[in-house]
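Take a look at the structure set out below.
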Amino acid sequence: MYLNNQLTALAIIPGLMILTYVYTKDKVEKEPISMIIKVVIFGAISCIIAGFVETFVAQFLPWYPEGSLEYALVNAFLLAAFWEEILKYLALRIATWNCKHFNYRFDGVVYGVSAAIGFAVLENILYVAQYGMSTAIVRAFTAVPLHAFCGLAMGTFYSYSKKNAILGNRAKTNQYTLLALVVPMMIHGVYNTFAFLRSNAAAYALLVFVAIMYVIAIKTIRNLSKADHKEGFYPNSGINL
C-alpha cells in the first residue's frame, strides 16, 4: 500500500480539524500559528522516537499470546501508553514551558492538543500507508481523537503546573506535572487495552469509551474556554469580559 492524495488527506485532515476546533476556542489570546506549528512538529518527532523506544523496550516485556488480557494490559500500559505519553509530554515541555505566550490556562490545552495531534497525524500517515482506506476512516473517529483526548488532559494539568511554578509552589507544580502524565496514560492505556483484546465485546466497549471521551472532551473544552479570562498566570493578565 502507498499514500495517494486521497489517503494522505484522510490521514491528515481529522487531526487538523480537531486542532482547528481547539484553536477557535482560545478566546482570550490566540496562540501564534508559528508556535502551534513548532509544537506539532515536536509532537511528530516524539512519534518517531516512540517507535524506536517501544521496539527496544518490547524485548524486555513478558510474552503473552496476542488477544489475551495479559497481552493487552502489558502492551497497552507498559509499552504504548507509558512511553508515548512521556515523549509527548517532553515534546510539549521543551517547546512551550518558557514561551512568553503561554500565560493562560487554555494555552496549555492548545499546546497539549497540538503536541498530541503532531504525534497522531504522523502515526496515522504510517498506518494508513500500510493498511489503506478502511483504516483511515476508522482511525479518523477513534485513534486520532484518542490522542487529542490525551493532549487535552495533559495540557490542562500542564497549565496548572506552569501556573504553580510561577507562584513558586513546588509541591503543586510536581503534583500537576504527575497528573499531566498519569491521566493521559490511563486514558491511552484503557483505549489500547480494548483495542488489543480483539474481540467483539472489546470493540463495543472501545466505541462506548470513545463516545464517553468525546462528551467529556467537548464539555471540558467549552468550560475551560468560557472561564479562561479568569485564569491568567500573572497578576496583570486578567481580562474583564
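The values are calculated or read from the model by the stated rules, or taken from the named source; none is laboratory data. All values reported here derive from a predicted model rather than from experimental measurement. Positions of Cβ are backbone-derived with ideal geometry, glycine not excepted, and every protein chain shown enters the neighbour counts.
Points worth noting:
- Cβ-Cβ under 9 Å pairs, at least 6 apart or on other chains, the range 150-170 side free of Cβ contacts under 8 Å to residues at least 24 places away in the same chain and over 18 Å from GLY43 (Cα atoms), far side surrounded by 24 or more Cβ atoms within 10 Å (Cβ to Cβ) and not acidic (Asp, Glu): SER161/GLY108; SER161/ALA180
- Residue tally, condition out of contact with any Phe, Trp or Tyr (no Cβ under 8 Å at 6 or more places or on another chain) and modelled with pLDDT of 95 or more, over the range 100-110: 3
- Count - residues of the range 111-146 that are in contact with an Asp or Glu (Cβ under 8 Å, 6 or more places away or on another chain) and either among the β-branched types (Val, Ile, Thr) or under 22 Å from ILE94 (Cα atoms) (or both): 2
- Residue within the range 204-213 that is on the phi < 0 side of the Ramachandran plot, in a helix (DSSP H, G or I), touching a residue at least 40 places away in the same chain (Cβ under 8 Å) and of a type in the set (Ser, Thr, Tyr) present: no
- Residue in the range 103-115 that is buried (at least 23 other Cβ atoms within 10 Å of the Cβ), touching a residue at least 40 places away in the same chain (Cβ under 8 Å), of a type in the set (S, T, N, Q) and touching a Lys or Arg at 6+ places or on another chain (Cβ under 8 Å) present: no
- Residue tally, condition touching a Phe, Trp or Tyr at 6+ places or on another chain (Cβ under 8 Å) and either among the aliphatic types (A, V, I, L, M) or in a helix (DSSP H, G or I) (or both), over the range 22-57: 12
- Number of positions in the range 219-232 that are surrounded by fewer than 15 Cβ atoms within 10 Å (Cβ to Cβ), out of contact with any helix residue (DSSP H, G or I) (no Cβ under 9 Å at 6 or more places or on another chain) and not charged (D, E, K, R): 1
- Of all residues making up the range 60-84, the number that are among the charged types (D, E, K, R) and in contact with a helix residue (DSSP H, G or I) (Cβ under 6 Å, 6 or more places away or on another chain): 1
- Every pair of residues 6+ apart whose Cβ atoms lie under 7 Å, when the first sits in the range 1-24 and is at pLDDT below 90 while the second is of a type in the set (Phe, Trp, Tyr): MET1/TYR131
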